[in-house]
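Just below is one structure, and these are the notes that go with it.
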Amino acid sequence: MVPRPEIAHWLAGAIALLLGLLLASEVLVGSEVFRRRRWRAYLFPAVVIASSVLLWMITIFSTFSTMHLLAHAVWAQAALLAGAVQLALVRDKLTSPAWSLVPGVALLVSGAAFLVHEPNDWLYSRSAFLHHAIGWMLVVSALFPLGQALRPRQVVWRAGFALTFVLLAVLLFADRDSATIFGRFGAGGP
Amino acid sequence: MRRALLLGVVLALLAPNAALGHVILESSQPVTQSRLEAPPNEIRLRFNQAVTVSPGAIQVLAPDGLLLSGTTTVSEGGRVVTAPVSRIARGAGYTVRWRVLGGDGHAPAGVFTFGVGVAAPPPTEAVGASGATWRDDAARWALFVALALLIGPLVVRLLVVRGSVPARAERGFHLLGVVAAFLVIDVGIVAFVLRASNALQLPLGDLLYGDLQPFAEKTRFGVAFLAMTLGFGIVAAVLLLAWILDRPALRWPALLLSVTLASGLSLSGHQATEDNAGWLSQGADWLHLVAASVWAGGLVALAFLVWPLAPSLRRDAFLGFARLAVLLVGAMVLAGAYLALARLPEASDLWQTQYGRFLLLKLGIVAVALTWGAAHHFLVRPRLEAGQQPNVRPSLVGEAAVALTVLLAAAILTNAAPPPAEPPAANARSAR
């Protein structure tokens, strides 16, 4: 009943890449041009909300350990809330710039979940390295939405937010779980 | 130089290598919760990656707790863990407890059962498992409350105050629905893990890497948990979309899905697992649960949303809910009476069994709630119909509190074991 973990990770990587490219496109051409067609503004929140449903499906496949069940449930809820808030901002249901902080909180919580569910050191195995790398990257990248809320005109925050997803995709595509890191280090490899 | 270094790191990470997951028990012999006709000579566990073990990594326990397994060994590069067993007799169920150390440093552990010549007991009845504790009761109560807060306000908004409502009240309905949907999911996860932990019997740190698969896949409550987790995740998304997209009609699929998913609790409780259980008892339990949820959650919606946030709708909402409450109370009483008769065929069971005493306690609280409701129906309703504006909110809050207390009694009753029931066939034979 349990799908191979890397299949789930690569699916998540593909979605993260799509999100990163969507955000990067908007940064490159500017919001005014990107949102000239209204439906484009809905793409990012729609994909995030859809990914939360997929994450619920992964959650119910993650009963092989309590920690994985809890971590995936946290990611699913963080994605749903962040996507919903983004959609509400697009629809002008929410207007305060403070709501832009919600994706930051979602990144922070998701990063913490990555770090908590990895008990080993960075170089213990490839899986441990990636979990630490993803966890800290998400924690640090929570600053981008914060910067965006405080300095909405500076493009660096939105660019950083977009690159976060691209980098997340790279790391998820690299996930081989217990394999050795960089081909030679680590105790966890077979 | 920097580019080359970056490229090297990326290529190294992407380089093909063994693509294995976290330590997962891929298969076992005997199969989890299987029925064998002949006693096995060994227990064999296959993992998805190499593990290391201690000599007692696999323990096979007889129903009386006697250890039947020998020294554990590994083979096939550490992926297969085996322990010899002896003195296994036909006609009993056996418990296998295992614990290994994975290459990733995690120490997963698990428990499963098998039967020889008989059906295997569920993993919740494994040797060493404890019964429900106050934590299970509290989790079940929280689940009932969350379900009531989800279903009740949805019914009030869709059936009682159907037209437009003030914006603040509408936001309140949306917010309560979404929060309740998330609560149902999170409390459901806690309740599931607590139930599994009673059988796993692991300290908290180890429980985090406990194998929940036998409980998720081989028990009714596990399958119900999986369906409810996924389903209520969709409900939460639909309710959020109903608010953001201004599509109140989306509340209908959310309500229908929620009511349907609530059946998971009935299909995995005593009304589905006792010997004399059938589709009628499961249906009655589901009706009982849904009616109680609408009643308790509806009262909360009236007291905390309609009364303070939509003063112009108080009269119509109260009168509309009063009409609905008659139906709800009727359904609750009829279904509850049928279930009580099914679980306690003798009147003396009410005071001679623990289950019966819990039921008496619940009936006492229900009587208080019904008296309160009757006072609203016969004293407050005529005044509202006459155009008066009595301050009913404190009384509504009180009735809602009593209703939520009824759910607490129901949670304790759900986790208590009813006296053994005769199967329908036996009943028929004795009747003849």
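Where a number appears in this text, it was derived from the coordinates with a stated rule and is not lab data. Note that the structure is predicted; figures quoted are calculated from it, not measured. Cβ sites come from the backbone with ideal geometry, for glycine too, and all protein chains shown count toward neighbours.
Three principal axis extents of segment B:127-228 based on alpha-carbon atoms, in descending order, are 57, 23, 21 Å.
Among A:92, A:121, sorting on how many other beta-carbon atoms sit within 10 Å of each Cβ, with the fewest leading, yields A:92, A:121.
Build a GNM of chain B with springs between Cα atoms under 10 Å apart, and of B:337, B:325, B:262 the one that fluctuates most is B:337. If the Kirkwood radius is taken over C-alpha pairs of segment A:45-172, then at 10 °C and 1.306 mPa s the Stokes-Einstein diffusion coefficient equals 104 µm²/s. Starting from the Kirkwood radius over alpha-carbon pairs of the protein assembly as shown, derive D by Stokes-Einstein at 10 °C in a medium of 1.306 mPa s and give it in µm² s⁻¹. This corresponds to a translational diffusion coefficient of 59 µm²/s. Measuring nothing but how far apart in sequence close Cα pairs (under 8 Å, 6+ apart) lie, relative to its length, segment A:1-98 scores a relative contact order of 27 percent.
Seen from all directions on average, segment B:356-403 presents a Cα convex hull projection of 3.3 nm². Look at the stretch B:228-234: the mean tally of other chain Cβ atoms within 10 Å of its residues' Cβ atoms is 4. At full extension, residue A:18 and residue A:57 could sit 12.1 nm farther apart than now, given 0.36 nm per residue minus the alpha carbon distance.
Note that segment A:10-16 has calculated 3J(HN,Hα) couplings of 6, 4, 4, x, 5, 5, 4 Hz, one per residue in order, obtained from phi through the Karplus relation 6.51 cos²θ - 1.76 cosθ + 1.60 (θ = phi - 60°); glycine and proline are x. Entry note, the protein assembly as shown: the mean residue ellipticity at 222 nm calculated from DSSP H runs of n ≥ 4, each adding -39500 (n - 2.57), is -20000 deg cm²/dmol after division by the residues and rounding to the nearest 500.
The trypsin sites (Lys or Arg not before Pro) of segment B:62-136 that DSSP puts in a loop, and whose beta carbon has at most 15 other beta carbons within 10 Å, are B:87, B:90. For residue B:43, the residues whose amide H sits under 5 Å from its own are B:83, B:85, ignoring neighbours fewer than 5 places away on the same chain, with H placed 1.01 Å from N.
With viscosity set to 1.567 mPa s and temperature to 4 °C, compute the Stokes-Einstein D of segment B:39-156, Rh being the Kirkwood radius across alpha carbon pairs; µm²/s, no decimals. Result for D is 78 µm²/s. Residue order for B:42, B:399, fewest other beta carbons within 10 angstrom first, comes to B:42, B:399.
The mean number of Cβ atoms from other chains found within 10 Å of a Cβ in peptide A:53-65 is 6, as a whole number. Residue by residue, segment B:329-345 carries 3J(HN,Hα) couplings of 5, x, 5, 4, 5, 5, 5, x, 5, 4, 5, 5, 5, 5, 7, 10, x Hz when phi is fed to the Karplus relation 6.51 cos²θ - 1.76 cosθ + 1.60 (θ = phi - 60°); x denotes Gly or Pro.
For the options B:415, B:198, B:41, a Gaussian network treatment of chain B with springs between C-alpha atoms closer than 10 Å singles out B:41 as fluctuating the most.
Ranked by the mean number of other Cβ atoms within 10 Å per residue, highest first, peptides B:122-132, A:153-163, B:153-163 order as B:153-163, B:122-132, A:153-163.
Using only alpha-carbon positions in segment B:193-338, the gyration tensor eigenvalues give semi-axes of 33, 22, 14 Å once each is multiplied by 5 and square-rooted (largest first). Ordered by the count of other Cβ atoms within 10 Å of each Cβ, fewest first, B:173, A:165 give A:165, B:173. For chymotrypsin sites (Phe, Trp or Tyr not before Pro), no site in segment A:64-129 is both called loop by DSSP and has at most 14 other Cβ atoms within 10 Å.
Our summary gives chain B a relative contact order of 14 percent, counting only alpha carbon pairs under 8 angstrom and 6 or more residues apart.
Between the beta carbons of residue A:105 and residue A:7, assuming R0 = 41 Å, the FRET efficiency works out to 0.90 to the nearest 0.05.
Note on residue A:166 and residue B:371: the model spin-label points, each 7 Å out from Cα along the C-beta direction, lie 7.1 nm apart. Counting only Cα atoms, chain B measures 84, 83, 32 Å along its principal axes, largest extent leading.
Applying 1/(1 + (r/R0)^6) with R0 = 25 Å to the Cβ-Cβ distance of residue A:115 and residue B:217 gives a FRET efficiency near 0.30. Here the relative contact order of segment B:55-162, from alpha carbon pairs under 8 Å that lie six or more residues apart, stands at 20 percent. Measuring max minus min along each principal axis, the C-alpha atoms of segment A:28-105 give extents of 47, 23, 22 Å (largest first).
Counting, for every residue in A:109-118, the Cβ atoms of other protein chains within 10 Å of its Cβ and taking the mean gives 1. What is the Cα centroid distance between segment A:1-50 and segment B:61-80, reported in whole angstrom? Here the two parts' Cα centres lie 48 Å apart.
Each residue of segment B:297-347 gets 71 Å³ once the volume of the Cα convex hull is shared out per residue.
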